[in-house]
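Asker: Got a structure for you, questions after.
Derivation of every value follows stated rules applied to the coordinates shown; laboratory data play no part. Quick caveat, the model's predicted, so the values are computed rather than measured. Every residue, glycine as well, gets a Cβ built from its backbone with ideal geometry; the counts of neighbours run over all protein chains shown.
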Protein chains: 2
Amino acid sequence: MATGRTHRPATRSRGIPEATVARLPLYLRALTALSERSVPTVSSEELATAAGVNSAKLRKDFSYLGSYGTRGVGYDVEYLVYQISRELGLTQDWPVVIVGIGNLGAALANYGGFASRGFRVAALIDADPAMAGKPVAGLPVRHTDELEAIISDNGVSIGVIATPAGAAQQVCDRLVAAGVTSILNFAPTVLSVPEGVDVRKVDLSIELQILAFHEQRKAGEDSASAAATASAARSGAGGVRSSASRKGPDGDVPAVMPA
Amino acid sequence: MATGRTHRPATRSRGIPEATVARLPLYLRALTALSERSVPTVSSEELATAAGVNSAKLRKDFSYLGSYGTRGVGYDVEYLVYQISRELGLTQDWPVVIVGIGNLGAALANYGGFASRGFRVAALIDADPAMAGKPVAGLPVRHTDELEAIISDNGVSIGVIATPAGAAQQVCDRLVAAGVTSILNFAPTVLSVPEGVDVRKVDLSIELQILAFHEQRKAGEDSASAAATASAARSGAGGVRSSASRKGPDGDVPAVMPA
């Protein structure tokens with residue numbers, strides 16, 4: 001084992017903490033927005049605010065990429081987009097299959113955000129024979145019978161499951177048996193996979209939960225603020241504004257704000 | 001201002017760091033899975049693994065909730081579900097409207113994960129007159145003309161935007177003018193909102209990006225491993241296994257792994 005290890009080339013990815021990996025897409029999202037507005041450089045503070053991360057953590061994260069910026073100038077936006085994309089593996093083509101072409105599967109098939117990040121929808125697969133051949137997002141839906149052949153023919157390593165909960169584990173097993181090693185699971189169920197296969201589950205309600213927290217706080221502040229204003233009016237002082245927000249320059253609170 | 005501040009009651013929410021708030025839904029997701037399996041108690045280590053957070057951070061987070069667990073027993077699963085739900089504001093009813101009932105809007109309308117977290121879909125709204133009255137997920141689609149009345153009649157403070165990018169800002173402006181103070185944005189565009197309104201943007205490709213990082217690393221390891229195995233075979237040593245995974249007990253890597 002030790003012998004083996006010494007023979008392994010040190011890949012660039014090695015040594016980047018998992019938490020940093022989870023933040024790279026957030027930086028990339030903020031940088032892409034800057035790039036679309038043709039902003040050439042960005043300070044670590046500006047980028048940290050836009051990504052919802054503190055700037056010391058951002059600088060630490062970027063040091064793993066070997067990216068240190070230039071004092072007084074900041075980071076080159078385009079170069080940083082390239083560096084992060086390369087680190088995440090987005091500069092290569094990732095064929096993905098989407099299994100389960102109901103509303104969600106069709107929405108994912110039409111989702112522009114995949115293609116712009118190097119993810120190419122290689123095939124759409126559904127168990128309903130009536131769906132077979134029907135075009136969705138410009139691709140003919142294929143029947144589940146063809147799943148193994150599709151994976152193999154297209155060299156697919158990433159599968160997206162958008163089936164009902166009851167079908168998800170069986171689909172997952174077939175994807176894994178056919179050679180898929182990463183699963184993005186939209187089905188509301190927990191999947192079992194063998195060692196070496198990564199599963200990430202998307203919970204569309206997580207963002208709503210964070211909004212609810214802030215709504216609850218705002219409601220508390222409004223009543224507190226109303227009470228304070230009434231009291232301030234009595235004491236002759238000025239009113240009280242609702243608390244400052246914690247937003248980026250465009251008012252967009254990032255989806256994830258790791259410590 | 002200072003006068004006002006002293007009159008504000010200290011709400012429970014005050015003092016919880018934003019990063020802790022962002023992790024609460026992850027704990028809640030892991031705890032709900034335990035609850036569904038009727039697991040009565042959980043250690044901080046087990047729960048931290050399931051949520052993808054280190055256990056010291058988890059204990060710190062829970063200390064903000066006033067929840068310390070019992071030495072040798074751990075945390076009471078049901079009580080912790082209740083505490084976190086209460087903290088996030090999920091024990092109250094949150095009526096939400098979904099605007100834009102294409103595939104994505106329809107998928108969101110059918111998404112069971114909202115209702116189970118206290119989010120009630122009060123109305124589905126679409127700009128297409130042909131959609132008006134059509135039932136989706138058991139609700140008749142309402143026309144955009146009715147947007148303001150719907151918000152007001154239902155006391156809606158959270159709006160979900162699932163329109164095409166080009167329509168999103170206008171819909172957002174109308175929602176905000178009608179009194180909505182939290183926006184969950186699925187449209188692939190950056191929204192401008194006034195101070196005091198929270199926007200969270202969902203990027204469905206973020207999870208795929210993290211999977212791509214791991215795929216790239218696995219590919220690097222496979223070739224390194226193959227080289228090492230060949231080399232080990234030459235030197236008479238054993239083969240090299242692919243690296244250990246970083247998974248929770250069910251193989252589910254959580255969507256977000258803050259530091």
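Asker: How shielded is B:155-164 by partner chains, expressed as the average number of their Cβ atoms within 10 Å of its Cβ atoms?
Answerer: So the per-residue partner count for this stretch is 2.
Asker: In nm, one decimal, shortest first: how far is the label point of B:TYR82 (7 Å from Cα along Cα to beta carbon) from the matching points in the other copies?
Answerer: Distances to the matching label points in the other copies: 5.8 nm.
Asker: Each residue of segment A:103-120 in turn: what ³J(HN,Hα) in whole Hz from Karplus with 6.51, -1.76, 1.60 and θ = phi - 60°, glycine and Pro shown as x?
Answerer: Once θ is set to phi - 60°, the couplings for segment A:103-120 become 4, 5, x, 5, 4, 5, 4, 8, 6, x, x, 6, 4, 5, 10, x, 9, 9 Hz.
Asker: Once you average over the residues of A:72-83, how many Cβ atoms of partner chains fall within 10 Å of each Cβ? The partial results should precede the final answer.
Answerer: Working: counts 0, 0, 0, 0, 0, 0, 0, 0, 0, 0, 0, 0.
For peptide A:72-83, the averaged partner shielding equals 0.
Asker: Can you give the FRET efficiency for A:ALA177 and B:SER152, using 1/(1 + (r/R0)^6), R0 = 41 Å, r = Cβ-Cβ distance, to the nearest 0.05?
Answerer: On the way: r = 54 Å, r/R0 = 1.31.
Here the calculated transfer efficiency is 0.15.
Asker: Taking only the alpha carbons of segment B:2-88, what extent do you get along each of the three principal axes, in Å, biggest first?
Answerer: 50, 23, 22
Asker: Another question about this same structure. Take peptide A:24-33, look around each residue's Cβ out to 10 angstrom, count Cβ atoms belonging to other protein chains, and average those counts. Show your work: numbers first, answer last.
Answerer: On the way: counts 4, 9, 4, 0, 4, 6, 0, 0, 1, 3.
Across the residues of A:24-33, the mean count of other-chain Cβ atoms within 10 Å is 3.
Asker: Give, in nm to one decimal, the length gained when the segment between B:SER55 and B:SER67 is fully stretched (0.36 nm per residue of separation minus the Cα-Cα distance).
Answerer: Working: separation 12, 0.36 × 12 = 4.32 nm, distance 1.39 nm.
Length gained, B:SER55 through B:SER67: 2.9 nm.
Asker: Using only C-alpha positions, report the orientation-averaged shadow area of the convex hull of segment A:1-156, nm², one decimal.
Answerer: On the way: hull surface 51.0 nm².
Its average projected convex-hull area is 12.7 nm².
Asker: Normalised by the residues of segment A:94-201, what does the relative contact order come to in percent, with Cα pairs under 8 Å and at least six apart?
Answerer: Working: 209 pairs, mean separation 27.6, N = 108.
Result for segment A:94-201 is 26 percent.
Asker: Quick one: which of A:LYS201/B:LYS201; A:LYS57/B:LYS60; A:LYS60/A:LYS201; A:LYS134/B:LYS218 span more than 25 angstrom between C-alpha atoms? Mind dumping the intermediate values first?
Answerer: Working: A:LYS201/B:LYS201 18 Å; A:LYS57/B:LYS60 19 Å; A:LYS60/A:LYS201 28 Å; A:LYS134/B:LYS218 35 Å.
Long pairs (Cα-Cα over 25 Å): A:LYS60/A:LYS201; A:LYS134/B:LYS218.
Asker: Ordered shortest first, which distances in nm separate the 7 Å Cα→C-beta label point of A:SER67 from those of the other copies?
Answerer: When each copy's label point is compared with this one, the spacings are 3.6 nm.
Asker: If you take every DSSP beta bridge whose two residues both sit in segment B:81-158, what share of them, in percent to the nearest 5, is antiparallel? Numbers along the way, then the final one.
Answerer: Working: 2 of 11 bridges.
In segment B:81-158, approximately 20 percent of DSSP beta bridges are antiparallel ones.
Asker: Follow-up. At 7 angstrom along the Cα-to-beta-carbon line, where would the label on B:SER116 sit relative to the other copies? Give the distances in nm, shortest first.
Answerer: So the label point of B:SER116 gives 3.1 nm to the other copies.
Asker: A follow-up question, please. Give the peptides A:119-129, A:21-31 in descending order of average Cβ contacts within 10 Å, highest first.
Answerer: Working: A:119-129: 19.7, A:21-31: 24.4.
Output ranking for A:119-129, A:21-31: A:21-31, A:119-129.
Asker: On average, how much area does the Cα convex hull of segment B:94-201 cover when viewed from any direction, in nm²?
Answerer: Values: hull surface 24.3 nm².
The number I arrive at for segment B:94-201 is 6.1 nm².
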